[in-house]
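Inspection log for the structure reproduced underneath, given as structure tokens.
The values are calculated or read from the model by the stated rules, or taken from the named source; none is laboratory data. What you see is a predicted model; the values in this text were computed from it and never measured. Glycine gets a Cβ as well: all are built from the backbone with ideal geometry, and neighbour counts include every protein chain shown.
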Amino acid sequence: MKFLLPLYAAAVLPLQAATFLVEAEQFSDKGGWGIDTQFIESMGSPYLIAHGLGKPVADATTEVTVPEAGEYRVWVRTVDWTARLGQKPGAGTFRVSIDGKPLVAELGKDDTKWTWQPAGKVNLKQGKAKLSLTDLTGFDGRADAILFSSEGTFAPPPDATFEERTAWKIPGVPTATEDAGNFDLVVVGGGYGGISTAISSARMGLK
């Protein structure tokens, strides 16, 4: 019996739960998806957009590190941009795939506000996994972030403005700021005004 006790104890130990987030704009290979930065102040982050003029773009892919083995629920923060404009819903839809296997949900439809849409469930091993965003329509599907959790009671944060986002206590959330140094002038934007300002400042020796 002494030899059986350690085996029994190991069998009843609960699996550790884990939650982690992947920012879509940080995918290592964005494929045909592009980064849209226009609405950071209102939604808290840049996002990926599949602008294919009606032809599905190439998958965006990246490698993620799964901290613990288990069954994970997956959410994607997205929006139905055509329904938001009062047009026919679901123009820009897409799916999430893990290691080449698509999850069940078709994302990017029905919600007129940026929302965590459930993508499905997946069993993951500890270690590396390939995460992909597959565009289905080529009509500007939008993906902000992908959230994984094996915690049974976990619910995604309801709001995600810039201030709220930096307060999230979820692994993978980029909250640290980097000190870029001291400058005489900072030019934001590359239009006629921005370019001429930058050129004039450089000629005056400003940093």
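Assorted remarks:
- Condition check for THR153: surrounded by fewer than 12 Cβ atoms within 10 Å (Cβ to Cβ) and polar (S, T, N, Q): yes
- Residue within region 112-121 that is at pLDDT below 85 and under 25 Å from THR65 (Cα atoms) present: no
- Any hit, region 124-143, residues being small (Gly, Ala, Ser), modelled with pLDDT of 95 or more and touching a helix residue (DSSP H, G or I) at 6+ places or on another chain (Cβ under 8 Å): yes
Listed here are the residues, each with its yes/no results for (1) acidic (Asp, Glu); (2) in the same structural domain as ILE35 (by TED's automatic domain parsing); (3) over 18 Å from the mean Cα position of the chain (by Cα); (4) buried (at least 18 other Cβ atoms within 10 Å of the Cβ).
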position	(1), (2), (3), (4)
THR93	no, yes, no, yes
ASP99	yes, yes, no, no
ASP110	yes, yes, yes, no
LYS130	no, yes, no, no
LEU147	no, yes, no, yes
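- Exclusive hit being aromatic (Phe, Trp, Tyr) and at pLDDT 95 or above, set PHE148, PHE162, PHE183: PHE148
- GLY54 being on the phi > 0 side of the Ramachandran plot and surrounded by fewer than 16 Cβ atoms within 10 Å (Cβ to Cβ): yes
- Within region 19-35, tally of residues that are surrounded by fewer than 19 Cβ atoms within 10 Å (Cβ to Cβ) and farther than 22 Å from PRO157 by Cα: 6
- Candidates VAL104, VAL64 - the one that is aliphatic (A, V, I, L, M), in the same structural domain as PRO156 (by TED's automatic domain parsing) and under 15 Å from the mean Cα position of the chain (by Cα): VAL64
- Residue match in region 24-47 (condition: of a type in the set (D, E, K, R) and either within 20 Å of ASP99 (Cβ to Cβ) or not assigned by TED's automatic domain parsing to the domain that holds GLY92 (or both)): yes
- Look at region 87-103: where a residue is at positive phi and a partner is of a type in the set (A, V, I, L, M, F, W, C) and not in a loop (DSSP other than H, G, I, E, B), sitting 6+ places away or on another chain with Cβ atoms under 8 Å, you get GLY90/ALA83; ASP99/ALA129.
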